[in-house]
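The values are calculated or read from the model by the stated rules, or taken from the named source; none is laboratory data. Nothing here was measured: the structure is a model prediction, and the numbers come from that model. Cβ: placed from backbone, ideal geometry, glycine included. Neighbour counts: every protein chain shown.
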Amino acid sequence: MDASEIEFLAEKEHVRVIPNFSQDKIYLISGDLGPFSAGLPVSIPLWLAVNLKQRQKCRILPPDWMDIDGLKDKKQEEADSRFFTDMPSPFYMEITQLLLQCATDDIPGADEVRTLIKDIWDLRLAKLRSSIDVFIKSGASHAKLNHLTLLEMNTVRQFLTKALDHMHRLKLCVSGDPAVQQ
Amino acid sequence: MAALLVSSGMTNNYFSLDDILASQETIPCTFNVKVATMGYLDQSTSDVDINMGTKLDLPFWLAKYLHKGSRGIVSVDTPKTYKEGYRHIFTADPNVVDLYRLGPYFYLFGEKLLSLQLPDTDDIANVLLKTFQGRFRNIMDGSQNALHSDLASQMEKLDVQERQLFAAGQQGLHEFQKWESRESEKLSTSAMVSNHRKRKRIGYIANAT
């Protein structure tokens, strides 16, 4: 899977925007959007929000979790916990990335948000790596991980599956499986 | 068929180049019978025949079949790098060993050795697994962190399969980095198309002259 494919999935998440135009409902296969009336907040998918923002047709209201104090607490919680904590959005990284790219002016403290999200991401990846290491060293065949997001999984997917494949073969050797030793 | 698909990942595939290369590694063998007119294999004597008791390093693919069966033309010994002395080194600290130098196909060849029913088969199998588990952290951290720095020094101690693993980790990292710097959304000519155009142009010039 590609990071851009995951971004595509993330674009289905809804955000609230304040449009500066009025229009009736838009009927789409995925559901009806709108009606839009100037100045009234409306919830629309991220892809449309980004598009409208680029044409300066709306103002994006940042998601509730995207505020500096909340993220600081989240970062602390992530650092204190041995396990992965529940993220406010399964696509937190992608949404931040997209919103900070096109709507920097709508997000208070954009730079700090970016740094905090990146810090949380790094914390989680470091945690992921050390748990993978423990997993491999213990020689277990399965493990349970909660609250891991798709993008995080994707960064280690190829590597981890290959490594497990290799280890599985070596384990078959230890148990003397004739299929390997032909 | 299903079994074939499962094992075709990296190894044990008739068409796998790695598998073929790994079976070229040599094993110390002792001849149990006299083999006529094959003396030229042994560079150290000028005899026409290979005499009983001659010691030769034979590639795995040959040794395996000479060793097999009731005749047992040769008896095989454990290669040096899988013997007890080296096994101790691997258990002490797997990270300092240069597996590429010890045989670029350390794991694959080790797996193959197991089929020869050497007396220390179980120990070899255990050492292979433990070595990989011990070295895993280094491979992972190396491949997931080094972005543009010189990788040669990190990769030189890895055996071929570990290098493939390292490359997979690198690919994941690069893909993510590309996405993060918003480069993956830019459309660009695929390498195939631009190469194709180049080739066409060369062909055009060749036709004109």
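Values for this structure:
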item	result
Condition check for A:Val156: more than 9 Å from chain B (Cβ to nearest Cβ) and either buried (at least 20 other Cβ atoms within 10 Å of the Cβ) or part of a helix (DSSP H, G or I) (or both)	no
Considering residues of segment B:135-156 that are surrounded by 17 or more Cβ atoms within 10 Å (Cβ to Cβ) and within 9 Å of another protein chain (Cβ to nearest Cβ) only, the residue nearest to A:Phe91 (Cα to Cα)	B:Gln144
Residues within segment B:67-85 that are assigned to a helix (DSSP H, G or I) and either of a type in the set (Gly, Ala, Ser) or under 18 Å from the mean Cα position of the chain (by Cα) (or both), tallied	4
Selection count, segment B:169-192, where residues are among the aliphatic types (A, V, I, L, M) and either touching a Phe, Trp or Tyr at 6+ places or on another chain (Cβ under 9 Å) or surrounded by 10 or more Cβ atoms within 10 Å (Cβ to Cβ) (or both)	1
Evaluation of B:Gly69 against (1) farther than 13 Å from B:Leu116 by Cβ; (2) surrounded by fewer than 11 Cβ atoms within 10 Å (Cβ to Cβ); (3) out of contact with any Phe, Trp or Tyr (no Cβ under 7 Å at 6 or more places or on another chain); (4) outside the structural domain of B:Gly134 (by TED's automatic domain parsing) (one fails), failing number	(1)
Top-ranked residue in segment B:24-51 [being in contact with a helix residue (DSSP H, G or I) (Cβ under 7 Å, 6 or more places away or on another chain) and closer than 15 Å to B:Arg71 by Cβ; ranked as modelled with the highest pLDDT]	B:Cys29
Some residue of segment A:166-178 being under 20 Å from the mean Cα position of the chain (by Cα) and either under 30 Å from B:Phe60 (Cα atoms) or touching a residue at least 40 places away in the same chain (Cβ under 8 Å) (or both)	no
Matching residues, segment B:157-186, being within 9 Å of chain A (Cβ to nearest Cβ) and part of a loop (DSSP other than H, G, I, E, B)	B:Arg182, B:Ser184, B:Glu185
Number of the condition not met by B:Thr189 [criteria: (1) more than 14 Å from every other protein chain (Cβ to nearest Cβ); (2) part of a helix (DSSP H, G or I)]	(2)
The one condition in (1) of a type in the set (Asp, Glu); (2) more than 22 Å from A:Leu172 (Cα to Cα); (3) loosely packed, with under 14 Cβ neighbours inside 10 Å that B:Glu84 fails to fulfil	(2)
Residue ID - surrounded by the most Cβ atoms within 10 Å (Cβ to Cβ), chosen from residues in segment B:32-66 that are outside any loop (DSSP other than H, G, I, E, B) and among the basic types (Lys, Arg)	B:Lys64
Close pairs from segment A:60-85: first among the aromatic types (Phe, Trp, Tyr), partner at pLDDT 90 or above, Cβ under 7 Å, at least 6 apart	A:Phe84/A:Arg124; A:Phe84/A:Lys127
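A quick yes/no check of all residues on (1) modelled with pLDDT of 90 or more; (2) under 30 Å from B:Ala168 (Cα atoms):
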site: A:Ile6; (1), (2): yes, yes
site: A:Gln23; (1), (2): yes, no
site: A:Ser37; (1), (2): yes, no
site: A:Ala49; (1), (2): yes, no
site: A:Leu71; (1), (2): yes, no
site: A:Gln76; (1), (2): yes, no
site: A:Gln101; (1), (2): no, yes
site: A:Ile107; (1), (2): no, no
